[in-house]
Amino acid sequence: DPSGPERGVVLAPDGSTVALGPLLAGIEAGLRLGGSEGSWDPLPTLRPPLDPLLAVTIAEVLGTSFLLARGGTALGPAGCWDDVDDPQNYTLMGPPTPVPDAVANGAMDGVVLGARLAREPAPLAELLRGYYGTGNGSETGRPPSSYRRRDFGALAGPGRLEEELVAMLEVLRVLPPTRGLLEGVGPEEVATVARRAAREFTQRYVECPAIVPRCMWGARPYRGTPSPLRLPVGSVFIHHTLEPGTPCRSFRACARAMRRMQSFHQDTRAWDDIGY
């Protein structure tokens, strides 16, 4: 329900919003795989084979989302916390799909941490602190979770993700809750759905950097009436800032720096918003 708070999500120390469901599923799968002498044997009856770790984190929900969308929106949206410094409620910014940004983040983290646990089991508290950092952002450097997109891409590149989606869709074909979704859907269409899902997920969540929406850093409203850009956009400028001179190392510090910059441009220089 986009009008109400989302349940089961947390604001991670790196400033990202993470759904706990796929994260915990990946951790459990990794522990189970590690407990069987490091075995990564796929389910042998499927062609192509199905990796349990990818199945429980991203393949099922991603395949289902693209089946339901049938050409429409199947990924997103992002969302906002009610208070930057004391976040309690997280609300989506638009109509939800089965894979909003928080689910994508949780799934990628579940794959990364599950793969680590399959190789070498570790105490969970230590694992999570080491991955996400502490104090709403590491003061000495970026926590490993900041590199979730790169690390997930290394474990599940577009070719492998597409194969796993084909296998997952064949599993969904025989399960009672999802059997109707694939009624009349042949192998060629399954391959098309898997290809599109893998491509769009990879483009949005692996190849592109994470963008923090204005509501996440506590932006004031734009003054006046902004002029929307016309698509396609011909170019994009990524602009450096003069202040703060020392790079911010935590989500809260970076959010404060953005608010100070906006206040300076709006209040001192009387501009409509940050000048860029």
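Can you sort 146, 65 by 1.4 Å-probe accessible area, starting with the largest?
Working: 146 40, 65 0 Å².
Ranked from most to least accessible, the order is 146, 65.
Ratio of alpha-carbon Rg to the 2.2 N^0.38 Å globular estimate for the range 172-272, to two decimals, please. Intermediate values should be presented prior to the final figure.
Details: Rg = 22.1 Å, N = 101, 2.2 N^0.38 = 12.7 Å.
So the Cα radius of gyration is 1.74 times the expected 2.2 N^0.38 Å.
I need to check one value: relative contact order of the chain, counting alpha carbon pairs closer than 8 Å and at least 6 residues apart, in percent. Don't jump to the answer; show the numbers that get you there.
On the way: 383 pairs, mean separation 64.2, N = 276.
Reported relative contact order: 23 percent.
What number comes out for the charge environment of residue 181, summing +1 per Lys or Arg and -1 per Asp or Glu over other residues with Cβ under 15 Å away?
Details: positive: 70, 173, 179; negative: 60, 170, 183, 189.
Result for the local shell: -1.
FRET efficiency for residue 212 and residue 86, Cβ-Cβ distance as r, R0 = 22 Å, nearest 0.05?
Values: r = 18 Å, r/R0 = 0.81.
Computed FRET efficiency for residue 212 and residue 86: 0.80.
Tell me the mean residue ellipticity at 222 nm calculated for the chain from its helices only (DSSP H runs of n ≥ 4, each -39500 (n - 2.57), averaged over every residue, nearest 500). Present the calculation step by step, with values, prior to reporting the outcome.
Numbers: 9 runs with 112 residues, N = 276.
Value at 222 nm, helices only, nearest 500: -12500 deg cm²/dmol.
Taking K and R as +1 and D and E as -1, what net charge do the other residues with C-beta under 10 Å from the C-beta of residue 79 add up to? Show your work: numbers first, answer last.
Numbers: positive: none; negative: 6, 101.
Overall, the nearby charge balance is -2.
Between residue 246 and residue 231, 0.36 nm times their residue separation minus their Cα-Cα distance comes to what?
Working: separation 15, 0.36 × 15 = 5.40 nm, distance 3.56 nm.
Result: 1.8 nm gained on full extension.
Run the lone-cysteine check on the chain: no other Cys C-beta under 4.7 Å from the residue's C-beta.
208
What do you get for the angle between helix 60-69 and the principal long axis of the chain? Use alpha-carbon atoms, 0 to 90 degrees, nearest ten.
Approximately 80 degrees, to the nearest 10.
Just to be sure I understand the curve: with the Debye formula and one point per C-alpha of the chain, what is log10 I(q)/I(0) at q = 0.10, 0.13 Å⁻¹?
Values returned for q = 0.10, 0.13 Å⁻¹ are -0.60, -0.96.
How many angstrom separate the Cα center of the range 75-153 from the Cα center of the range 178-249?
Centre-to-centre distance over Cα atoms comes out at 17 Å.
Under the classification rounded if a/c is under 1.5, otherwise prolate if a/b is larger than b/c and oblate if not, where does the range 167-208 fall, given a ≥ b ≥ c as square roots of the Cα gyration tensor eigenvalues?
The shape class here is prolate.
Among 167, 210, 104, determine the one that fluctuates most according to a GNM of the chain built with springs between C-alpha atoms less than 10 Å apart.
Among 167, 210, 104, the largest GNM mean-square fluctuation belongs to 210.
First measure r as the distance between the Cβ atoms of residue 142 and residue 192, then evaluate 1/(1 + (r/R0)^6) with R0 = 41 Å and state the FRET efficiency to the nearest 0.05.
Efficiency for this residue pair is about 0.60.
With a 1.4 Å probe and all protein chains kept in place, how do 14, 267 rank by accessible area, largest first?
Details: 14 35, 267 85 Å².
Listed by decreasing accessible area, they come as 267, 14.
The values are calculated or read from the model by the stated rules, or taken from the named source; none is laboratory data. On a predicted model such as this, the values are computed, not experimentally measured, just so you know. Every residue, glycine among them, receives a Cβ derived from its backbone with ideal geometry; neighbour counts consider all protein chains shown. Protein only, heavy atoms only, side chains kept; ligands, DNA and RNA dropped before computing areas. Shrake-Rupley method; radii C 1.70, N 1.55, O 1.52, S 1.80 Å.
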